[in-house]
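Structure first, commentary second.
The values are calculated or read from the model by the stated rules, or taken from the named source; none is laboratory data. Everything quoted here is computed from the prediction, not taken from an experiment. All Cβ positions, glycine included, derive from the backbone under ideal geometry; neighbour counts span all protein chains shown. SASA here: full protein model, heavy atoms, side chains in, ligands and nucleic acids out. Shrake-Rupley method; radii C 1.70, N 1.55, O 1.52, S 1.80 Å.
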Amino acid sequence: MKVLVVGNGGREHAMAWKLAQSPRVQQVYVAPGNGGTARDKTLVNVPITDIPQLRQWAQDNQIGLTVVGPEAPLAAGIVDDFRAHGLRIFGPTQKAAQLESSKAFSKAFMERHNIPTAEFETFTDPVAAHAYVDRKGAPIVVKADGLAAGKGVVVAMSLAEAHEAIDFMLVDNTLGVTHNAGGARVVIEEFLQGEEASFIVLCDGKNVTALATSQDHKRLLDADQGPNTGGMGAYSPAPVVTAEVHARAMREVIMPTIKGMEKDGIPYTGFLYAGLMIDAQGKPKTLEFNCRMGDPETQPILMRLKSDLVEVMLAATSEGLDKIDLEWDRRVALGVVMAAAGYPLNPRKGDAISGLPADAEDAMVFHAGTTEKDGQILTSGGRVLCVTALADSVRLAQQKAYQTASSIQFDGMQFRKDIGYRAIKH
């Protein structure tokens, strides 16, 4: 069977790497892929991003299964297009992907179906938004409504920061995010205290299978300082997700979401990622939904998956997830993101990367923002690499990942030195 992975990030490199291990697979293609997938002898990059063109290519090349990594093609309707032409594809439809592509849609959905989340209001008028913030006080959270590649959220610790975020997102619309109404819109919500966890499941429209738990580190600098990013590292499993929290998340968040989508006439298929805030009492509230696996959580999760991912995807695209039991490596996986100079606001591109270690059974370097040029690997995005290692404990996995990363060099590289510190604290 020929398999296509859509996307060019670290998540897609990890997915393609895992899918290529299946004995059922003849070839894995990645569209458009990156420098890491170009280097991997088991993968083939396909330089197409246009959806109708890619679908035509998939038809011409008899692709048996397509797995979509990032949010943009999902929000653009790639699943609808492929399915309309009889192609097997794993991901949510354009309508279902609104759970991620519109913060306003997802908050209204949660309110309607009694899914625990932060109190919120939605605004298009800056004056009303400023007045709301003054009334509520800080800390408070301001979110751009639309896809902003993980950069459309400001956790404002002061009123000044909150007002600045409103002007940035609504008045200047610096992010250039527009949604259904054709203009900028923000969701302002209460600040939640607790510990974050990434809760990722597979859905086939009716059945749900939870993936291994994970936790990522959003802030750029050690000890959770500095600006928010798309994620600077992650590990799996996450001790904060106890058996009780897991059961509660399934019962109060995941199942009501799947049933709610079905009830609203938008059955949900694909990966569903619930970003949860877990309070001191172990009560989860939903911070956000993503319609894909998280990045960098995918890298540690897939390093721990022992099941054949192709078998899992085939079951998930034929309402057969109830027949699947996932098998996990008992070890801990931990991934450290190495980011470009200037990340997150103005990442520099074109720096040469040297010292990349060979792949190993217990250590992998997944590429995200890289490209191959004249036999050299260059930086081409904000988050460049995710160095991921497996070991018997969080501390050992942390040591192994940093040891693996120690030979890698590129100008201006930034990475945190404390990925996994919360689990070591537990």
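Things to note:
- For region 155-167, taking the residues that are buried (at least 18 other Cβ atoms within 10 Å of the Cβ) and more than 10 Å from Pro139 (Cα to Cα), the one that is nearest to the chain's Cα centre (by Cα) is identified as Ala165.
- Taking (1) of a type in the set (Asp, Glu); (2) in contact with a strand residue (DSSP E or B) (Cβ under 9 Å, 6 or more places away or on another chain); (3) closer than 26 Å to Ala368 by Cβ in turn, Asp224 satisfies each apart from (2).
- Here Gly260 meets each of (1) over 19 Å from Tyr421 (Cβ atoms); (2) touching a Lys or Arg at 6+ places or on another chain (Cβ under 8 Å); (3) in a strand (DSSP E or B); (4) among the small types (Gly, Ala, Ser) with one exception, condition (3).
- In region 329-345, the residues that are touching a strand residue (DSSP E or B) at 6+ places or on another chain (Cβ under 9 Å) and open to solvent by 50 Å² or more (accessible area, probe 1.4 Å): Arg331, Leu345
- Counted residues, region 29-55 - those being over 27 Å from Ala315 (Cβ atoms), part of a helix (DSSP H, G or I) and aliphatic (A, V, I, L, M): 1
- Cβ pairs under 6 Å, 6+ apart, first in region 115-140 and part of a strand (DSSP E or B), second open to solvent by 50 Å² or more (accessible area, probe 1.4 Å): Thr117/Lys285; Ile140/Phe191
- Restricting attention to region 56-78, the residues that are within 17 Å of Ala97 (Cβ to Cβ) and part of a helix (DSSP H, G or I) total 6.
- Residue count, region 16-71 (criterion: touching a helix residue (DSSP H, G or I) at 6+ places or on another chain (Cβ under 6 Å) and open to solvent by 60 Å² or more (accessible area, probe 1.4 Å)): 1
- Residue among Arg383, Arg416, Arg395, Arg348 that alone is open to solvent by 40 Å² or more (accessible area, probe 1.4 Å) and touching a helix residue (DSSP H, G or I) at 6+ places or on another chain (Cβ under 6 Å): Arg395
- Subset of region 221-236 [of a type outside the set (D, E, K, R) and open to solvent by 50 Å² or more (accessible area, probe 1.4 Å)]: Leu221, Ala223, Gln225, Pro227
- Residue check for Asn114: closer than 27 Å to Val245 by Cβ and open to solvent by 30 Å² or more (accessible area, probe 1.4 Å): yes
- In region 91-109, the qualifying residues are those that are hydrophobic (A, V, I, L, M, F, W, C) and out of contact with any helix residue (DSSP H, G or I) (no Cβ under 8 Å at 6 or more places or on another chain), and the one that is least open to solvent (accessible area, probe 1.4 Å) is Ala104.
- Yes/no for Arg88 being open to solvent by 30 Å² or more (accessible area, probe 1.4 Å), closer than 26 Å to Lys283 by Cβ and either modelled with pLDDT of 95 or more or among the β-branched types (Val, Ile, Thr) (or both): no
- From the list Pro267, Pro239, Pro296, the lone residue that is crowded, with 22+ Cβ neighbours inside 10 Å, part of a loop (DSSP other than H, G, I, E, B) and not basic (Lys, Arg) is Pro296.
- Test for Ile324: is it touching a helix residue (DSSP H, G or I) at 6+ places or on another chain (Cβ under 8 Å), aliphatic (A, V, I, L, M) and either without any contact (Cβ under 8 Å) to a residue 24 or more places away in the chain or open to solvent by 30 Å² or more (accessible area, probe 1.4 Å) (or both): yes
- Failed criterion for Ala128 (all others in (1) out of contact with any helix residue (DSSP H, G or I) (no Cβ under 9 Å at 6 or more places or on another chain); (2) within 27 Å of Ala16 (Cβ to Cβ) hold): (2)
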